[in-house]
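Pasting a structure below so you can have a look.
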Amino acid sequence: RNTYSKKNTSKNIYELLKSFYKEKIFKKKFFDINFWNKLIFILYYTPMVEVNWKSIILSKEMLIIDAIKVLNNTGLLILIVTNKSFRLQATITDGDIRKGLAKGVTLQDKISLVMNPSPKYVSVNTEHNAIKKLFSLEKYKAIPVVDKNKRVVDCYFQNDFFENNLNPPLLIMA
């Protein structure tokens, strides 16, 4: 199972804006409804990049800078720290990294300084409704799934359990 990230969206927006800037008509296009239609189309209909949950598995020996790169490259909100046999050791979120940096940890330090060694996880036998309840009540964005030996076998993401009911933005031009 895979999850998705809108990693290419910002690149498409950049290319659109760059093309208007090169044509020296950006100010004119800024007020053009076609410009906004293209921008909205890019934001909502750009194909998403497939990301496998295994790409967020890290070793506690990795550096914080490498963890940040993985977060940026995957677009996911969590990193899972395991040992060599994939036993769950910790999780890391961008918030954990920010808190560590605020306390004086550097980008060249190991992720073991910022990881959460007591992460929330579910077993492979956990019922769908119980997992959904965790996402809605506890506001988790992702939860690792472990087997009876506490080996990570999957990772559930909030969007696996809830539809994204985003309404397209409303543009009012005065």
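Provide the net charge surrounding G100, with neighbours chosen by a C-beta distance below 12 Å and charges set as Lys +1, Arg +1, Asp -1, Glu -1.
+1
Which whole-Hz ³J(HN,Hα) couplings does segment 124-141 yield from phi under the Karplus relation 6.51 cos²θ - 1.76 cosθ + 1.60, θ = phi - 60°, glycine and proline marked x?
5, 8, 5, 5, 3, 5, 5, 5, 4, 5, 4, 5, 7, 7, 8, 6, 6, 9
I've got another one for you. Please compute the net charge surrounding V70, taking Lys and Arg as +1 and Asp and Glu as -1 over other residues with Cβ under 12 Å from its Cβ.
Result for the local shell: 0.
While we're on this one: May I ask you to compute the full-extension gain from K141 to S55, defined as 0.36 nm times their residue separation minus their alpha-carbon distance, rounded to one decimal in nm?
29.3 nm is the gain from fully extending K141 to S55.
Continuing with this model, one more query. Longer than 22 Å from Cα to Cα, which of K60/K84; K54/K133; K99/K139 are they? Say none if no pair is.
K54/K133
Same structure again: Accessible area per residue, 1.4 Å probe, Å², for segment 75-153: what's the number? Mind dumping the intermediate values first?
Values: 4760 Å² over 79 residues.
Per-residue accessible area for segment 75-153 comes out at 60 Å².
Now, a different point. Quick one: divide the alpha-carbon radius of gyration of segment 74-119 by 2.2 N^0.38 Å and tell me what you get. Present the calculation step by step, with values, prior to reporting the outcome.
Values: Rg = 10.9 Å, N = 46, 2.2 N^0.38 = 9.4 Å.
The value comes to 1.15.
The values are calculated or read from the model by the stated rules, or taken from the named source; none is laboratory data. None of these values were measured; they are calculated from a predicted model. A quick note on method: Cβ atoms are made from the backbone with ideal geometry, for glycine too, and the neighbour counts reach across all protein chains shown. Accessible surface is based on the protein model in full, side chains and every heavy atom, while ligands, DNA and RNA are left aside. Shrake-Rupley method; radii C 1.70, N 1.55, O 1.52, S 1.80 Å.
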